[in-house]
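A quick write-up on the structure given underneath.
What follows is calculated from the coordinates using simple rules that are stated; it is not laboratory data. Remember, predicted model here, so these are calculated numbers, not experimental data. Using ideal geometry, Cβ is built from the backbone for each residue, glycine included, and neighbour counts are taken over all protein chains shown.
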Protein chains: 2
Amino acid sequence: MNDRETVKICKALADENRLNILRLLRNGELCACHLLEDLHITQPTLSHHMKLLCDCGLVDYRKDGKWMHYSIAKDAHAKLSAVTTEYFGEEESR
Amino acid sequence: MNDRETVKICKALADENRLNILRLLRNGELCACHLLEDLHITQPTLSHHMKLLCDCGLVDYRKDGKWMHYSIAKDAHAKLSAVTTEYFGEEESR
DNA sequence: CATATAGATAGACGCTTGTCAATATGTAAA
DNA sequence: TTTACATATTGACAAGCGTCTATCTATATG
């Protein structure tokens with residue numbers, strides 16, 4: 001993973017609303033309208049955030065008729081672990 | 001670790017110059033003037049980046065006369081691991 | 001004290017980002 | 001086909017960020 005990709009992922013994580021979205025998705029797939037109920041933002045703003053989260057590969061989407069279903073990407077954990085290892089080493093015992 | 005703190009850490013990681021600084025520090029403590037040689041930025045810009053990295057707790061500093069020595073914080077790995085766990089779970093096998 | 005050097009701070013500038021209202025697109029149902 | 005609904009896109013705006021030049025502060029040395 002190159003620096004540009006790392007920056008993209010870290011930027012995606014650097015917003016409280018997007019962190020809340022990820023927390024909501026931890027329990028499993030959710031559709032956009034459900035996310036919208038729990039966040040105090042407008043629908044276009046949510047759409048914007050979901051685009052950033054999907055573009056950096058942390059979130060997957062599934063289109064089902066009119067609805068968009070979002071979920072944490074399978075390799076999201078691995079991606080962030082790779083960042084940790086790259087800059088801070090393998091173990092927490094330095 | 002609350003969301004505001006997480007955002008602060010992720011913002012600090014969301015810049016290529018700062019990622020390069022962390023990579024340089026992986027081999028051990030370095031003084032600001034040495035960092036400056038390897039990065040194509042001015043001294044005030046480096047000072048700005050170091051402030052962000054120190055303020056979020058990823059980097060430690062030690063003042064020695066005129067020189068500032070920077071190093072990766074002891075718990076930097078643990079901090080980023082905590083972020084990973086908080087939003088993406090304990091294991092990579094979901 | 002005067003000078004030199006390492007680093008921090010202030011202020012300015014252009015670019016990016018988060019947000020919203022308005023509108024467009026796509027899908028389903030009447 | 002018309003209507004309703006879910007989501008995406010556009011355009012605007014204020015706030016934030018990365019960078020620079022200029023200047024300040026602190027420390028060491030002649």
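Suppose only helical runs count, i.e. DSSP H with n ≥ 4. What mean residue ellipticity at 222 nm does that imply for the protein assembly as shown under -39500 (n - 2.57) per run, divided by all residues and rounded to the nearest 500 deg cm²/dmol?
Values: 10 runs with 108 residues, N = 188.
Dividing the helical sum by the residues of the protein assembly as shown leaves -17500 deg cm²/dmol.
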Legend entry - Average partner coverage of A:69-79, which counts Cβ from other chains inside 10 Å: 3
Legend entry - Nm distances between copies for A:Asn2, ranked from closest, using label points 7 Å along Cα→Cβ: 3.9
Inset, instruction - Please report how far the C-alpha centroid of the stretch A:1-61 lies from that of the stretch B:1-39, rounded to the nearest whole angstrom. - result: 24
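So if R0 is 22 Å, what FRET efficiency would B:Met1 and B:Cys31 give, r being the distance between their Cβ atoms, rounded to the nearest 0.05?
On the way: r = 30 Å, r/R0 = 1.35.
Taking R0 as 22 Å, the efficiency between B:Met1 and B:Cys31 is 0.15.
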Legend entry - Nearest-first distances (nm) between copies at B:Lys51, label 7 Å from Cα via Cβ: 3.3
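Using 0.36 nm per residue, how much length does the chain from A:Ala82 to A:Lys66 gain when fully extended, once their Cα-Cα distance is taken away? Could you put the intermediate results ahead of the total?
Values: separation 16, 0.36 × 16 = 5.76 nm, distance 3.54 nm.
My answer for the length gained is 2.2 nm.
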Inset, instruction - Return the average number of partner chain Cβ atoms within 10 angstrom of each residue Cβ along peptide B:83-90. - result: 6
